[in-house]
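Asker: One structure, as structure tokens, below. Some questions next.
The values are calculated or read from the model by the stated rules, or taken from the named source; none is laboratory data. Fair warning: this is a prediction, and the values are worked out from it, not measured in the lab. Heads up, the Cβs are rebuilt from the backbone with ideal geometry, glycines too, and the neighbour counts pull from every protein chain shown.
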Amino acid sequence: MTDATQTRHVPDRLNSRATRIFKSWEALLLAVAIAIFVINSFASPYFLSAWNLSDATFNFTEKAMIAFAMALLIISGEIDLSVASIIALASTAMGLALQYGAGTPELVIIGLTVGVLCGAFNGFFVTVLGLPSIVVTIGTMSLFRGISFIILGDDAFRGYPSSFSWFGQGYIYWVFTVEMLLFVIIAIIYGVLLHKTNFGRAVYAIGNNPTGALFSGIRVQRVKFILFLLTGLMSGIAAVCLTSRLGSTRPSIATGMELEVVTMVVLGGVNILGGSGTIPGVVIAAFVMGLVTFGLGLLNVPGIVMSIFIGLLLIGVIALPRLWAMAAARRTS
Amino acid sequence: MSTRPAPPISPDVSPMVSMDMITKTFPGVKALDEVKLNLYPGQVTALVGENGAGKSTTVKILTGIYQPNGGTIRIDGDSISFASPNDAAKAGITAIHQETVLFDELSVAENIYIGHAPRMRFGLIDTAQMHRSAAKLLAHIGAPFSSHTHLRDLGIANKHLVAIARALSVDARVVIMDEPTAALSHKEIEELYELVETLKSQGKAILFISHKFDEIFRIADRYTVFRDGAFVGDGRIDDISEGDLVTMMVGRSVDQIFPQSDHDIGDEVLKVVGYEHPTEFADINFSLNKGEILGFYGLVGAGRSEFMQALFGITKPSKGVCRVNGDIKVIRSPADAVSNGIVYVPEDRGKQGAVIGLPIFQNITLPSLSKTSRSGFLKLAEEFKLAREYSQRLDLRAASLDQDVGNLSGGNQQKVVIAKWLATQPQVIILDEPTKGIDIGSKAAVHEFMSELAAQGLSVIMVSSEIPEIIGMSDRVIVMRDGRIAAELTKDELSPETLVRHAAGITSPTEGAAA
Ligand SMILES: Nc1ncnc2c1ncn2[C@@H]1O[C@H](COP(=O)(O)OP(=O)(O)OP(=O)(O)O)[C@@H](O)[C@H]1O
Ligand SMILES: [Mg+2]
């Protein structure tokens with residue numbers, strides 16, 4: 001009867017696309033990245049050289065490949081702390097295969113397969129047995145690397161074929177490396193997967209409310225299992241790149257990388273408790289971390305100071321919006 | 001029935017709590033716009049308003065959860081402000097909130113006394129004393145479980161009883177109840193009414209929020225009406241008729257007549273044979289036809305929700321067969337149920353129904369993504385289209401469809417959950433307390449939508465504890481008691497007395513009439 005007055009219109013969105021982007025975490029992070037770039041170029045005369053910058057990307061490309069998969073896993077409310085150990089195990093497996101005469105294609109297949117199997121192992125305990133992923137992957141972190149140590153002891157595998165070195169040392173064109181290309185391709189794939197597909201939506205739903213997602217007909221455990229497989233696969237790819245770049249396998253390869261990967265993900269704006277975060281955020285975070293490490297490296301800052309700096313950066317960038325909001329609240333009241 | 005026949009126009013008792021010119025804004029919404037509200041000692045004030053009118057926001061301001069942007073709160077004439085929930089508790093204000101926040105891993109007694117447990121020497125918690133007091137409180141409100149029970153083992157209605165006990169465990173002067181009866185069946189509701197009378201006789205000021213007009217007229221002494229965050233009027237309940245109160249609240253009159261369900265009922269769609277669960281239910285047999293609305297009535301704990309969740313694949317029945325369109329289907333997960341065209345609107349909207357953190361439109365499309373997408377890729381325009389259509393049908397009140405569903409008022413969240421499942425265009429929809437927390441106008445919209453869809457061939461199972469809804473909507477009703485089917489009633493056999501009698505297990509009709 002009085003329909004005109006009664007049916008109220010609910011708009012699709014309140015903020016325009018521009019406002020949303022402007023107010024986003026990614027915008028803030030991008031500003032930080034640019035600031036670091038500018039500071040670096042003033043601080044060191046060697047910074048603004050194409051070849052140096054190209055070298056600098058090795059600081060983050062391998063970590064970032066894993067970080068993309070890790071971002072999805074963390075958004076879904078799980079975590080995988082065994083990624084660096086998966087690299088060690090995958091690399092060891094490749095080294096072992098090398099002893100039996102494996103060529104480059106076999107080596108790559110073995111590296112990726114071991115990665116996926118490790119992911120499946122983690123995924124099984126988390127999704128089938130229902131154990132907390134942080135506990136499971138702390139366990140497998142020791143387990144996977146432990147196996148490498150048993151196989152290798154103090155030794156190292158060397159003598160990878162020269163065609164194998166293409167992955168970690170090759171160039172596509174001018175200063176652009178194979179790893180950069182992989183980084184871009186993987187970033188696009190994960191960006192599309194998370195933001196443009198039903199699968200990605202399910203990941204967000206699970207991270208925000210796993211019970212609600214289950215009640216919505218989402219196969220929660222299956223999605224999580226796939227995420228563990230993907231993280232394992234990415235660790236396998238990183239293992240191929242890293243082994244190829246170093247040209248050797250030691251059991252201590254990639255030690256501590258899991259924390260750098262998680263730092264990158266969190267710096268990228270992914271909520272460590274799950275439910276939110278974006279791939280563009282992780283991409284920018286990768287650049288920020290790469291630029292900082294490279295810049296400090298040029299200034300001959302020792303590694304330990306670098307990790308202090310990264311830690312401060314992480315806390316600073318996370319605290320900044322919170323402080324901002326508190327200041328804004330004080331102004332209005 | 002008010003114990004004090006109000007002397008006409010005599011200057012009233014002065015209010016114990018008075019809110020004046022209170023304003024509260026959220027990004028994009030003015031939830032409260034210079035409202036006033038008075039609470040009087042020994043009286044029940046009903047706060048009425050549509051979904052999203054600002055009732056729960058008022059409660060949160062009175063309990064120190066939100067700070068108002070403007071206005072004053074006075075207690076006994078002194079102006080005060082609450083910086084935190086603790087301050088409000090110290091001022092003697094306690095509340096049963098609409099969405100209860102309890103701890104699944106703690107016992108019932110611990111939940112009731114968390115933050116103010118009885119202490120022994122050295123500040124240790126006096127566990128024995130705590131359980132004694134908790135048991136007394138639980139007995140007082142007629143709760144059918146022990147204080148030692150783990151909270152996670154309780155259903156939503158019983159959890160709500162724990163929240164009520166928690167609110168009453170502090171010695172407060174002001175008791176606020178935000179839709180306390182929404183989750184309860186008639187037995188617990190009666191106990192609650194008695195409790196309200198006791199609180200009144202102790203001189204407490206009570207704020208009572210409800211969408212059920214029969215209970216407002218039964219227990220309230222005064223009313224205050226909000227519409228769209230603004231104060232519309234207040235007065236004595238004796239001075240207003242139900243129709244006028246509804247008009248005041250909605251801004252128009254609302255037909256409270258249930259839609260005529262003269263639709264055709266077709267062939268059998270769903271047949272359940274011998275469903276059984278080790279602890280929750282046994283021997284469940286029934287069939288459901290195309291276009292039929294089958295009501296499920298029973299007391300809290302009768303096993304209705306537990307059975308429905310088994311049918312939906314959440315829990316596993318130990319025995320039993322389910323046939324869809326004549327074929328045996330094994331439903332192991334909700335995903336299986338959905339692909340067989342069976343969907344379930346759960347009772348616990350905060351945990352199972354809505355995915356809080358995701359925007360409204362994504363909540364609505366979550367189970368329909370296969371329809372709004374192309375080969376696994378999202379199509380936002382399609383999603384918004386679907387969300388717009390269903391939110392309009394259900395009269396959703398929101399700032400935008402992109403808003404976090406968690407920022408919606410309780411009733412509007414419920415509309416999103418219903419929309420989400422109707423949008424899948426299922427064969428069979430199981431609605432568990434579908435209109436819980438929904439205001440009178442929107443309730444009529446939901447009912448109308450339901451019978452319209454039934455007329456188009458949707459089969460509905462409606463679990464409800466609201467007798468008028470069960471009687472008004474159902475073509476047939478199954479009454480459950482203690483996990484079993486106690487009776488199956490046709491439309492002609494339905495009456496409040498019969499339903500209550502079968503639900504409570506009173507066999508002789510004469511006793512039933514006395515009860
Ligand atoms: N935290 C919040 N953020 C943004 N908006 C909010 C928030 N809380 C409430 N609102 C908005 O304020 C308005 C009033 O909500 P409120 O919960 O007080 O309604 P209500 O009267 O209790 O409704 P119901 O009968 O559905 O429970 C609604 O439009 C709601 O969307
Ligand atoms: Mg409310």
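Asker: Please verify whether region B:141-158 includes one or more residues that are at pLDDT below 90, within 16 Å of ligand 1 (Cβ to nearest atom) and more than 14 Å from chain A (Cβ to nearest Cβ).
Answerer: no
Asker: Then there is this: Restricting the search to region B:396-409, which residues are surrounded by fewer than 23 Cβ atoms within 10 Å (Cβ to Cβ) and either over 15 Å from B:Gly54 (Cα atoms) or within 10 Å of chain A (Cβ to nearest Cβ) (or both)? Let's see the steps before the verdict.
Answerer: Of all residues in region B:396-409, those surrounded by fewer than 23 Cβ atoms within 10 Å (Cβ to Cβ) come to B:397, B:399-400, B:402-404, B:406-407.
Listed by number, the residues that qualify are B:Arg397, B:Ala399, B:Ser400, B:Asp402, B:Gln403, B:Asp404, B:Gly406.
Asker: I'd like to verify a number: residues in region B:197-209 that are of a type outside the set (A, V, I, L, M, F, W, C) and buried (at least 21 other Cβ atoms within 10 Å of the Cβ), how many?
Answerer: Selection size over region B:197-209: 2.
Asker: Taking the residues in region A:139-195 that are free of Cβ contacts under 8 Å to residues at least 24 places away in the same chain and among the hydroxyl-bearing types (Ser, Thr, Tyr) as candidates, determine which candidate is surrounded by the most Cβ atoms within 10 Å (Cβ to Cβ).
Answerer: A:Tyr171
Asker: All but one of (1) more than 16 Å from ligand 1 (Cβ to nearest atom); (2) among the hydrophobic types (A, V, I, L, M, F, W, C); (3) at negative phi; (4) modelled with pLDDT under 90 hold for B:Phe122; which doesn't?
Answerer: (3)
Asker: Would you call B:Arg222 modelled with pLDDT under 95 and either surrounded by 15 or more Cβ atoms within 10 Å (Cβ to Cβ) or touching a helix residue (DSSP H, G or I) at 6+ places or on another chain (Cβ under 8 Å) (or both)?
Answerer: no
Asker: Okay, next question. Can you find a residue that is more than 16 Å from ligand 1 (Cβ to nearest atom) and under 23 Å from B:Ile438 (Cα atoms) anywhere in region B:35-45? Don't jump to the end; show me each part of the working.
Answerer: Step one: of region B:35-45, the residues more than 16 Å from ligand 1 (Cβ to nearest atom) are B:38-44.
After this cut, where a residue has to be under 23 Å from B:Ile438 (Cα atoms) as well, the list is B:44.
Yes.
Asker: Please verify whether B:Lys385 is within 13 Å of chain A (Cβ to nearest Cβ), surrounded by 21 or more Cβ atoms within 10 Å (Cβ to Cβ), in a helix (DSSP H, G or I) and among the basic types (Lys, Arg), treating the condition exactly as stated.
Answerer: In short, no.
Asker: Mind listing whichever residues of region B:196-223 are aromatic (Phe, Trp, Tyr) and either within 14 Å of ligand 1 (Cβ to nearest atom) or farther than 15 Å from B:Leu37 by Cα (or both)?
Answerer: Answer for region B:196-223, where residues must be aromatic (Phe, Trp, Tyr) and either within 14 Å of ligand 1 (Cβ to nearest atom) or farther than 15 Å from B:Leu37 by Cα (or both): B:Phe208, B:Phe213, B:Phe217.
Asker: Same structure, new question: Going residue by residue through region B:176-188, is there one that turns out to be of a type in the set (Ser, Thr, Tyr), without any contact (Cβ under 8 Å) to a residue 40 or more places away in the chain and more than 16 Å from ligand 2 (Cβ to nearest atom)?
Answerer: No: region B:176-188 contains no residue that is of a type in the set (Ser, Thr, Tyr), without any contact (Cβ under 8 Å) to a residue 40 or more places away in the chain and more than 16 Å from ligand 2 (Cβ to nearest atom).
Asker: Among the residues that make up region B:62-85, is at least one of them within 16 Å of ligand 2 (Cβ to nearest atom), surrounded by 23 or more Cβ atoms within 10 Å (Cβ to Cβ) and either part of a helix (DSSP H, G or I) or without any contact (Cβ under 8 Å) to a residue 24 or more places away in the chain (or both)?
Answerer: Scanning region B:62-85, I find at least one residue that is within 16 Å of ligand 2 (Cβ to nearest atom), surrounded by 23 or more Cβ atoms within 10 Å (Cβ to Cβ) and either part of a helix (DSSP H, G or I) or without any contact (Cβ under 8 Å) to a residue 24 or more places away in the chain (or both), so the answer is yes.
Asker: Considering only residues of region B:15-55 that are touching a helix residue (DSSP H, G or I) at 6+ places or on another chain (Cβ under 7 Å), outside any strand (DSSP E or B) and not polar (S, T, N, Q), which is farthest from B:Glu215 (Cα to Cα)?
Answerer: It comes out as B:Gly52.
Asker: Within region B:457-476, can one find any residue that is within 16 Å of ligand 1 (Cβ to nearest atom), more than 22 Å from the chain's Cα centre (by Cα) and either surrounded by 23 or more Cβ atoms within 10 Å (Cβ to Cβ) or in the same structural domain as B:Val324 (by TED's automatic domain parsing) (or both)?
Answerer: The answer is no, given that none of the residues of region B:457-476 is within 16 Å of ligand 1 (Cβ to nearest atom), more than 22 Å from the chain's Cα centre (by Cα) and either surrounded by 23 or more Cβ atoms within 10 Å (Cβ to Cβ) or in the same structural domain as B:Val324 (by TED's automatic domain parsing) (or both).
Asker: Right, here's the next one. List the number of the failed condition for B:Ala182; all other conditions in (1) under 22 Å from the mean Cα position of the chain (by Cα); (2) more than 16 Å from ligand 1 (Cβ to nearest atom) hold.
Answerer: (2)
Asker: Kindly check whether there is at least one residue in region B:358-376 that is more than 7 Å from every other protein chain (Cβ to nearest Cβ), among the charged types (D, E, K, R) and either touching a Ser or Thr at 6+ places or on another chain (Cβ under 7 Å) or surrounded by fewer than 21 Cβ atoms within 10 Å (Cβ to Cβ) (or both).
Answerer: Yes, the conditions are met somewhere in region B:358-376.
Asker: Mind checking which residues of region B:312-337 are part of a strand (DSSP E or B) and not β-branched (Val, Ile, Thr)?
Answerer: B:Lys319, B:Gly320, B:Cys322, B:Arg323, B:Asp327
Asker: Give the residue that is farthest from B:Val254 (Cα to Cα), with candidates limited to residues of region B:40-57 that are within 11 Å of ligand 2 (Cβ to nearest atom) and more than 14 Å from chain A (Cβ to nearest Cβ).
Answerer: Narrowing region B:40-57 to residues within 11 Å of ligand 2 (Cβ to nearest atom): B:47, B:49-57.
Then drop every residue that is not more than 14 Å from chain A (Cβ to nearest Cβ), which leaves B:47, B:49, B:54-57.
On the way: B:Leu47: 18, B:Gly49: 13, B:Gly54: 20, B:Lys55: 20, B:Ser56: 23, B:Thr57: 25 Å.
My answer is B:Thr57.
Asker: Before we move on, is A:Thr293 under 21 Å from A:Val38 (Cβ atoms), assigned to a helix (DSSP H, G or I), away from every other protein chain (no Cβ under 14 Å) and among the hydroxyl-bearing types (Ser, Thr, Tyr)?
Answerer: yes
Asker: So which residues in region B:20-39 are of a type in the set (Val, Ile, Thr) and either within 14 Å of chain A (Cβ to nearest Cβ) or exposed (fewer than 15 other Cβ atoms within 10 Å of the Cβ) (or both)?
Answerer: Passing the criteria: B:Thr23, B:Thr25, B:Val29.
Asker: A further question on this structure: Can you say whether A:Gly236 is in a helix (DSSP H, G or I), without any contact (Cβ under 8 Å) to a residue 24 or more places away in the chain, surrounded by 22 or more Cβ atoms within 10 Å (Cβ to Cβ) and not hydrophobic (A, V, I, L, M, F, W, C), as far as the supplied structure shows?
Answerer: no
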